[in-house]
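Colleague: Take this structure first; my questions come after.
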Amino acid sequence: MKIEVFDLKNAQLRYVPDFFNSEEANFYFERLQQEIPWKQDKIKLFGKEHFQPRLSSFFAEQDVNYAYSGLELKPKDFSEEILQIKKSVEKFSRLTFNSCLANLYRDGQDSMGWHSDNEKELGENPVIASVSYGAERIFHLKNKIDKNLKEKISLAHGSLLLMEGATQHNWKHQLPKTKKNIGPRLNLTFRKIY
Ligand SMILES: O=C(O)CCC(=O)C(=O)O
Ligand SMILES: [Fe+2]
C-alpha cells in the first residue's frame, strides 16, 4: 500500500490512493449510492436559507451526542457496508470513530466550500478520515494565516485521506466545482464525537 505524506506547515496529512482495490471500491460506490437515504440539506447563510450544493446523510453510534453544527436530525445507524469501511479505516489508522458524514456530489456542479472541521465536539485535534469513491475530484487546502501556503490533492476512487494533528486549527479545505463533464463522487468522513 503506497502512503503519501504531505509536508504542510502545522498540519498532518496522509494519503493512500489505493486504500481499497478497484473491485471493493466499485462495490461500495454502487451499494452506498443506492442504500444511503440521501437528502439535500439546507444551510443558513447570513440569515438566508440555501440548499447545500450536494446530497448528504449522517450516521453515528447510538450513544453519540449529535446536537452539533446544525445537524439537527437524529443520526442514522451505521449500515453493514459503512461498518466494514469504518473497520478498515480504524485498522489502518489505529484510531476509532463513532460517526460518519456521507456526501454525494452528483456532478461537477456539486461542491463544498472552504471550512475546517473544528467543532468543539470533535475534540482538541480532530482526526478526519475521508474515503472517496467515484469521480476523481480535486481537494484544496489553504493555510489560515499564510495565504501563500496551499495544497491540492486529487482524491482517487477507493482512496483514503487522513487529516490529523493540528490540521483543522491551521488549515481550511474545500471541494470546488469543476466544469469537467464528470459523474458522481461519494465521500465518507469518519469522525469521533466526544
Ligand atoms: O468531499 C470531500 O472530500 C470533503 C468533505 C469534507 O470536507 C467534510 O465532509 O467535511
Ligand atoms: Fe471537511
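Colleague: Hey, among SER88, SER130, SER99, SER154, which residue is in contact with a Leu (Cβ under 7 Å, 6 or more places away or on another chain) and within 23 Å of ALA25 (Cβ to Cβ)? Working first, answer last.
Modeller: Values: SER88 fails: in contact with a Leu (Cβ under 7 Å, 6 or more places away or on another chain); SER99 fails: in contact with a Leu (Cβ under 7 Å, 6 or more places away or on another chain); SER154 fails: in contact with a Leu (Cβ under 7 Å, 6 or more places away or on another chain).
Answer to the selection: SER130.
Colleague: Consider only pairs whose beta carbons are under 9 Å apart and that are at least six residues apart or on different chains; among these, list those whose first residue lies in the range 162-182 and is under 19 Å from ARG94 (Cβ atoms) and whose second residue is assigned to a helix (DSSP H, G or I) and within 16 Å of ligand 2 (Cβ to nearest atom).
Modeller: So the pair list comes out as LEU162/VAL89.
Colleague: What number of residues within the range 178-194 are in a loop (DSSP other than H, G, I, E, B) and either within 16 Å of ligand 2 (Cβ to nearest atom) or not basic (Lys, Arg) (or both)? Write out each step before concluding.
Modeller: Narrowing the range 178-194 to residues in a loop (DSSP other than H, G, I, E, B): 178-184, 192-194.
Then keep just the ones that are either within 16 Å of ligand 2 (Cβ to nearest atom) or not basic (Lys, Arg) (or both); that gives 178, 181-184, 192-194.
Here the count works out to 8.
Colleague: Which ones in the range 91-106 are in contact (Cβ under 8 Å) with a residue 40 or more places away in the chain and of a type in the set (D, E, K, R)?
Modeller: ARG106
Colleague: Check the range 25-39 and report whether any residue there is touching a His at 6+ places or on another chain (Cβ under 8 Å), surrounded by 16 or more Cβ atoms within 10 Å (Cβ to Cβ) and within 29 Å of LYS142 (Cα to Cα).
Modeller: Yes: one or more hits.
Colleague: Let me ask something additional. Show the residue pairs that are 6+ apart or on different chains and have beta-carbon atoms under 6 Å apart, the first residue being within the range 107-134 and more than 17 Å from LYS172 (Cα to Cα), the second being hydrophobic (A, V, I, L, M, F, W, C) and part of a loop (DSSP other than H, G, I, E, B).
Modeller: Cβ pairs passing all conditions: GLY108/ILE182; GLU121/ILE193.
Colleague: Between GLU49, GLU81, GLU90, which is touching a strand residue (DSSP E or B) at 6+ places or on another chain (Cβ under 9 Å) and surrounded by 12 or more Cβ atoms within 10 Å (Cβ to Cβ)?
Modeller: Working: GLU49 fails: surrounded by 12 or more Cβ atoms within 10 Å (Cβ to Cβ); GLU81 fails: touching a strand residue (DSSP E or B) at 6+ places or on another chain (Cβ under 9 Å).
Step by step, each of GLU49, GLU81, GLU90 is checked, and only GLU90 is touching a strand residue (DSSP E or B) at 6+ places or on another chain (Cβ under 9 Å) and surrounded by 12 or more Cβ atoms within 10 Å (Cβ to Cβ).
Colleague: Hey, another quick one. Do we have any residue at all in the range 157-174 that's in a strand (DSSP E or B), under 21 Å from GLN52 (Cβ atoms) and either more than 16 Å from ligand 2 (Cβ to nearest atom) or among the acidic types (Asp, Glu) (or both)?
Modeller: No, the conditions are met nowhere in the range 157-174.
Colleague: Return a yes/no flag: does the range 43-51 have any residue that is more than 17 Å from the chain's Cα centre (by Cα), among the hydrophobic types (A, V, I, L, M, F, W, C) and within 16 Å of ligand 2 (Cβ to nearest atom).
Modeller: There is at least one residue in the range 43-51 that is more than 17 Å from the chain's Cα centre (by Cα), among the hydrophobic types (A, V, I, L, M, F, W, C) and within 16 Å of ligand 2 (Cβ to nearest atom).
Colleague: Would you mind telling me which numbered condition in (1) surrounded by fewer than 22 Cβ atoms within 10 Å (Cβ to Cβ); (2) at negative phi GLY165 fails?
Modeller: Result: GLY165 passes all but (2).
Colleague: Can you work out which of the residues in the range 168-194 that are within 11 Å of ligand 1 (Cβ to nearest atom) and surrounded by fewer than 19 Cβ atoms within 10 Å (Cβ to Cβ) is farthest from GLY123 (Cα to Cα)?
Modeller: PRO176
Bear in mind these aren't lab numbers, they're just calculated from the coordinates by the rules spelled out. All values reported here derive from a predicted model rather than from experimental measurement. We place every Cβ from the backbone using ideal geometry, glycine too, and count neighbours over all the protein chains shown.
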